[in-house]
């Protein structure tokens, strides 16, 4: 155990060991319902209209990042789930690489073995997240292929639904849909267990605007 602790706190592995702390905190907050899975959401808008003028705006780095996210299935699985898996695997591979190939604690060798450790972590993350894709597609309900969501009712499942985050479970004939929802600007947050109705879809954020089930203005349901 002492040897494991010394390796985890060595200069080559310590940064990854420290990264495990926010990962653990994130999942604790998620379990408590304080944040949702898409708390750090991403947008992969690449200028789908195909206009050549859009390419310089995004740049090579932007497209490289998007390609990397697709490699680890971060476009189909929530980003924080992917990052959590990647960090844990990278930490594990770095520990193994330094244990077997850098027993002397050399900084140079530690830097060398970090490269294959990263490659292996990326590949392993892709393999681990692939079985999760159908599950998250089911949780999200594959909304585009279902009947319209507007007007459906549900229950708040996170600690609250505010202007900035929240999730609600909406009944569906096949399986309940877990949607990212928000309240309108200036409206009070809705606590866990509140019955809500879906008022409209915010296309820019991919979220749904909700209100309490009682007292829904027609102007919100049919803007």
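Of all residues in segment 74-120, count the ones that are under 24 Å from residue 136 (Cβ atoms) and outside any helix (DSSP H, G or I).
5
Consider residue 155 carefully, then state whether it is at pLDDT 85 or above, farther than 30 Å from residue 72 by Cα and under 22 Å from the mean Cα position of the chain (by Cα).
Criteria met by residue 155.
For segment 95-115, which residues satisfy the criterion of being surrounded by fewer than 13 Cβ atoms within 10 Å (Cβ to Cβ) and at pLDDT 85 or above?
Hits for segment 95-115 are 100, 115.
The values are calculated or read from the model by the stated rules, or taken from the named source; none is laboratory data. Since we're looking at a predicted model, the values are computed, not measured. Methodologically, a virtual Cβ is constructed for each residue, glycine included, from the backbone with ideal geometry; neighbour enumeration extends over all protein chains shown.
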